[in-house]
Amino acid sequence: MSNEVYKIPNKPWWWPRSLKFKLVFIWMIVFFILMNLVNLRIIAKSVFPLVLGLPFSLFFVFLICLISTIVIVGIYFVWKDFLKRVE
Amino acid sequence: MSITAAVILVFIFYVFLTFVIGYFGWKKTKLTPEDYFLAGRTLGPFVLSLTLIATYASMWTFLGAVGTNYRFGTSFMSCMITYNVLWPLMIWIFGVRLWLLGSKFGYITPSDMFADYYQSEAMRIIVAIIGIIALIPYMSIQLLGGGLAFEAATGGVIPFWAGALIMVVVIGLYTFFGGLRAVVWSDVLQGLFFLVVLLILSIWAIKLTGGNPFRIIAERHPEIFDPGRFKWPIWFAFIMTWAFSPLLPHMMQRTFMAKSGKTIAQSAVSVAILSPWFQTVTVMLIGISALVLLPGLTGKATDAIIPSLLAKYAPYVGAVITSAAFAAGMSTLDSQLISASSLLTRDIWVKYIDKKADAKRETIIGKIFVLVVTVLMFFFVLTKPGFLVILGTAGAGICIAAYMFPTIGVLFWPRVGITAALWSLIVAGVVAFITFAIWKFPLGIPNTLWGMGAGLIAFLILTWTTKPLPYEQQEKFHGYLTSVIHGEKIE
């Protein structure tokens, strides 16, 4: 391993390279902003109507957390080539 | 049979199981630091997922989190579920890269990695000291909670000191003999146990309310579902602390233990489902149901919601639940204990005091440190120090704020040099400590955010104004990470 030479690519380290990861990145930012807006009482602040038996504010929180969970689980299926390399 | 006898019997059975696990851990563990502290880097996805979640969830999940849901409703729920959605994402972001570097360069502690990347022994010592400062009070809180819970569950038959002693003896013995293998295998038992108990308890509590507790509370106390009851700075600080919990030393070391990068990925998926949807939602359901079943509780009484519910509706089941709370506490404590021992052994003792120690001797020293830390922790807790909870709570925030920026340098940003990494570590740690212990929460903003803010400023200014690491050093790490993560050819 000592003779291996690696090159650092001249690309921004924080910006995802593939379109799928760009979408994941953007959604997680949106998720974080939405959760902050809920806590700041800017959106989803009402108790009624109850949706699926849950107060609206709680339903909204659950909904966007569910989407985020699906996105995080989805990374596994998007990053297949990487997983093969580290199997 | 009295309830006290039932609590003791269930606990004895539970302790027996952990000793059996400890015995098998001991038989399988070799006398090498890699085997004793990291289980030989052999953990598969099932064990890794459960040890991650068992280590992450502490006794507070059973006691404090239920009470906070009771008092703050949707507002705390949105906080808890946000950080429990985000920390599995951090396993993807940080964990995969940590595993790649840990397995390639043979790191055992976070300090090994920082010292090697930044070529700095000062970095090693400061990272180890901050890690120990974060871990020891945090461990003591678990023990303090365990002793008090034992006393309460047995109606004072087993006093606080005896409860704490039983807990340290059990944990100290299986950790001393079985090393990390015993710790993670017992985490599997403890993790499954408390997740199942939480699930059953939440279903039972909803049934007891005789309907939909959300509808009942929405009509009686709609203010519980006001999403802004938990003040934003506190809400945000909770999220920033616990979402980045994979940066705590004992959590970081869990990424070094995985059998492969794929194991880390599979664990991130499991934890992404278990942590928000099993650990968080069940706790919330119990808290909301308790609003119907035990109305009018305030202050510290809300921390005893689960014991109060059981005392009222199913006293004998309380014995099992008490053991589940211990399971949550012990699975956090044992992991922190072995992590603190590895920091003391590897980064301080062997590096500076006993430099000639071979692998066998280093492992024996590690075992001795397990006992030393256990005994010290016990005597420390006996004094029931008031500042312990303060220091313990602050400890995790201090550590995460301090570790964050040097970690970004190692894993992501080649431009970061030693000056930026070292000073951001010191500035974030010191500011996070001062804004808790000396000048508490200035402007109502928690210490984690002050530490992160000050660390970020130091980090950015120094990164752009001081020298980066030599290019060969950057290539050795960032080139390697890029080649594996992005599949770019090694030239």
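FYI, it's all coordinate maths here, none of it is from the lab. Note that the structure is a prediction, hence the values are computed from the model and not measured. FYI the Cβ positions are ideal-geometry reconstructions off the backbone, even for glycines, and counts take in every protein chain you see.
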Let me make sure I get this right: for chain A, a, b and c are the square roots of the gyration tensor eigenvalues over alpha carbons, sorted descending. Under 1.5 in a/c it's rounded, otherwise prolate if a/b > b/c, else oblate. Which is it? prolate
What is the spin-label model distance, in nm, from residue B:221 to residue B:356 if the labels are put 7 Å beyond Cα along the C-beta direction? 6.7 nm
List the pairs from A:45/B:207; A:45/B:440; B:27/B:356; A:80/B:259; B:259/B:355; B:231/B:300 whose alpha-carbon separation is above 23 Å, in the order I gave them. A:45/B:207; A:45/B:440; B:27/B:356; B:259/B:355
Just rank B:331, B:267, B:120, B:323, fewest to most, by other beta-carbon atoms within 10 angstrom. B:120, B:323, B:267, B:331
Exercise: per-residue mean of other protein chain Cβ atoms within 10 Å, B:94-105: 1
What is the log10 of I(q)/I(0) for the protein assembly as shown, computed with the Debye formula using one identical point scatterer on each Cα and no solvent, at q = 0.07 Å⁻¹? -0.40
Residues B:462, A:37, sorted so that the one with the fewest Cβ neighbours within 10 Å comes first: A:37, B:462
Angle between the Cα long axis of helix B:3-28 and the longest principal axis of chain B, 0 to 90 degrees, nearest 10? 20 degrees
How far is it, in nm, from the label point at residue B:437 to the one at residue A:80 when both lie 7 Å from their Cα along the line to the Cβ? 5.3 nm
So how do B:53-60, B:147-154 stack up, highest first, on mean other-Cβ count within 10 Å? B:53-60, B:147-154
Shape category assigned to region B:175-248 from the gyration tensor of Cα positions, a/c cut at 1.5: oblate
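For region B:416-464, state which chymotrypsin sites (Phe, Trp or Tyr not before Pro) are in a DSSP loop and have at most 12 other beta carbons lying within 10 Å of their beta carbon.
Sparse-neighbourhood loop chymotrypsin sites (Phe, Trp or Tyr not before Pro): B:439.
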Trypsin sites (Lys or Arg not before Pro) within region B:300-399, DSSP loop, no more than 15 other Cβ atoms inside 10 Å: B:355, B:356
Whole-Hz Karplus couplings 3J(HN,Hα) for region B:147-154, θ = phi - 60° and coefficients 6.51, -1.76, 1.60, Gly and Pro as x, run x, 5, 5, 4, 4, 5, 5, 9
Rounded to one decimal in nm, the spacing of the 7 Å Cα→Cβ label points at residue A:30 and residue A:42 is 1.6 nm
Taking amide H positions as placed 1.01 Å from N in the peptide plane, with prolines and chain starts having none, which residues 5 or more places from residue A:51, or on another chain, fall under 5 Å of its amide H? A:56
Please give the calculated 222 nm ellipticity per residue for chain A, where each DSSP H segment of at least 4 residues contributes -39500 (n - 2.57) and the sum is spread over every residue; nearest 500 deg cm²/dmol? -19000 deg cm²/dmol
Counting only other chains, and only Cβ atoms inside 10 Å, what mean value do you get across the residues of B:263-275? 3
Folded to 0 to 90 degrees: helix B:74-90 orientation relative to chain B principal axis, Cα: 30 degrees
Taking the 0 to 90 degree range and rounding to the nearest ten, how far is the long axis of helix B:45-56 tilted relative to the main principal axis of chain B, both from C-alpha atoms? 70 degrees
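Rounded to the nearest 500 deg cm²/dmol, what is the calculated helix-only ellipticity per residue at 222 nm for chain B, with -39500 (n - 2.57) per DSSP H run of length n ≥ 4?
That comes out to -24500 deg cm²/dmol.
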What's the average, rounded to a whole number, of partner chain beta-carbon atoms within 10 Å of each residue's beta-carbon in A:73-85? 4
